[in-house]
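Please read the structure below before turning to the comments.
The values are calculated or read from the model by the stated rules, or taken from the named source; none is laboratory data. Note that this is a predicted model, so its numbers are computed, not measured. Neighbour counts run over all protein chains shown; Cβ positions are idealised from the backbone, glycine included. Just the protein is used for accessible areas: all its heavy atoms, side chains included, with ligands, DNA and RNA removed. Shrake-Rupley method; radii C 1.70, N 1.55, O 1.52, S 1.80 Å.
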Amino acid sequence: MATSAATGSLPSYLVPPSASRRHMAHRIRASTTSVEGVMDVVSEAELREKGFMGMRKTKLVCTVGPACMDALPALARGGMGVARVNLCHGGRDWHRAAMREVRRLNEEEGFCVTLMVDTEGSQLLVADHGGAASVKAEDCSEWLFTSKKTDKARPLTMQVNFDKFSEGILVGDELLIDGGMATFEVTEKIGNDLRCKCTDPGLLLPRAKLSFWRDGKLIERNFGLPTLSAKDWADIEFGITEGIDCIALSFVKDAYDIKDLKTYLSRKSLDHIKIFAKIESLESLKNLKDIIEASDGVMVARGDLGVQVPLEQIPAIQEAIVELCRKLNKPVIVASQLLESMVEYPTPTRAEVADVSEAVRQYADAIMLSAESAIGAYPEKALSVLRAASERMESWSREENMQRLLPRHQLAIALPDRISEQICTCAVEMANNLAVDAIFVYTKHGHMASLLSRNRPNPPIFAFTDNVNSRKSMNLYWGVIPLQLQLSNSMDDNFNNTIKLMKSKGSVKTGDSVLVVADSDLNQPCGATSVYQSIQVRLVD
């Protein structure tokens, strides 16, 4: 095994930038290199400006909506690694235009943005007041909650999307809007409708979520509806035709929901489309481990989760989910209300910045903007706050030696998989101890990159693959910069080609130390296939 002298670097916040942010954005716009064999333009500019150790590890997800449609190129330049299209809102024409713009950015401007869609799910107990904006529920005002359909807005009336919404509800029960935005007491049942008195005034938003509580506990009801509705299946087919990379599955109840969708995709030879389970209900929490094991990743949907779980429990639930996902080697996105005030205001609250920083400190793979980018007044500013806060927390954690070693938890059963797991665990320990500048991994399907990411190394992970779908899936792994490159059966050739490529972009220099992990299929002369796995530490000549 080759060895190298340890090299170190100052944290990014102590190193003067080589160019202003405006100049960096100009450099990004000016890059017209092809996707094949190169880094995406954002990572390339970040590496030139800040060096290896200054590269951001936490991935940024933006929900695409009317507020940011024209700003998608700016969001991509600002670090958006995943564009999320929520199929609950808007029509097909709008969704199609958004997805095609993301694909255009990747194909024509050198970005690597993963395209994710959200299914609507069988959303029970959603109510609407019939207006486009919020409505104030005043103290002691009387409201009717009804399932009767009408095209006109009616005063003091909320139309619920489910006929049996009042089944099992008693006079005296509490009705909470969006987890506590406003609270009502049920005063009368009129057939399937409920008359309620407002006991805690607040705002009623369009498509508000309802929950019922009795004696301080959520009233749990199972109406037996499937996780994927007929609309969801049609939406998934639509997304497939538009080249999606990931599906975020809403209101997952158990592992079977994930397995059914995976089976469907496998039959269509679409295994490269990754399934992220949205954890947003009590049912999903009860089956959490099975759901995580069955999925390709998880989204902690704190908004809907907060409707069913007492608010004070959300922080502990979030940390437990993030830790379990890391243990089981599944990427996790922390979502909902990270910078909620920036929907209306140009700066966040300090508490919101602390919330973002806490998700980064917990080593979540990604953090997500929802309404802030979809309908907010300042989508680009919100993304810049997310980026700055994550970069600062990562630098502080590294300098304060806050790296928490992952408890040894064996994932693999078969010997080759166990070897891969051990190699990656040892590789990260070596990379940290030797203070190498970067980790290079050559991988067909991204598995070795995920195992390296799981251990959260100090240096960035550059993952080289010759599979475009693997490149997109690795875009959600913490600390991984995926590149598409034609791989050979020779590790030396792969490394030399990589260094030549990155030198031409000014990304590496003589004297840099690189830890190299190989996971390339080698065709033997007899026609048999084996897996060649190794670790090397090399100095750039």
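To the nearest ten degrees, helix 21-30 and the longest principal axis of the Cα atoms of the chain are 70 degrees apart. In this label model, Lys289 and Asp541 are separated by 5.2 nm, measuring between points 7 Å along each Cα→Cβ vector. Put a plus charge on the Cβ of each Lys and Arg, a minus charge on the Cβ of each Asp and Glu, and nothing anywhere else: the dipole of the stretch 97-250 about its Cα centre is then about 520 debye.
Between Asp93 and Leu124, the contour length at 0.36 nm per residue exceeds the Cα-Cα span by 8.6 nm. The trypsin sites (Lys or Arg not before Pro) found in the stretch 408-461 that occupy coil by DSSP, while having at most 13 further C-beta atoms within 10 Å, are Arg408. Computed from point charges on the beta carbon alone (+1 for Lys and Arg, -1 for Asp and Glu), the dipole magnitude for the chain about its Cα centre is near 840 Debye. For Lys509, a cut-off of 29 angstrom between C-alpha atoms picks up these lysines, skipping any fewer than 8 places away in its own chain: Lys50, Lys57, Lys59, Lys444, Lys472, Lys500. Entry note, the chain: relative contact order of 16 percent, from Cα contacts under 8 Å with a spacing of 6+ residues.
Relative to the longest principal axis of the C-alpha atoms of the chain, give the angle of the C-alpha long axis of helix 379-399, reported between 0 and 90° and rounded to the nearest 10°. Roughly 50 degrees between the two axes. Once the Cβ-Cβ distance of Glu220 and Ser134 is raised to the sixth power relative to R0 = 30 Å, the FRET efficiency obtained is 0.60. Taking 13 Å as the straight-line reach from the Cα of Lys164, the aspartates and glutamates in range (excluding those fewer than 8 positions away in the same chain) are Asp193. Of all stretches in the chain that contain no GluC sites (Glu not before Pro) in a DSSP loop with at most 13 other Cβ atoms within 10 Å, the longest one is 401-541. Expressed in units of 2.2 N^0.38 Å, where N is the residue count, the Cα radius of gyration of the stretch 400-492 is 1.07. Compared with the dominant principal axis of the Cα atoms in the chain, helix 41-50 is inclined by about 70°.
From helices alone, the chain scores -10500 deg cm²/dmol at 222 nm; the rule is -39500 (n - 2.57) for each run of n ≥ 4 DSSP H residues, then divide by the residue total. The ellipsoid that matches the Cα gyration tensor of the chain has semi-axes, each √(5λ) in whole angstrom, of 44, 24, 22, with the longest given first. Accessible area per residue was computed with a 1.4 Å probe on protein heavy atoms; His409 scores about 60 Å².
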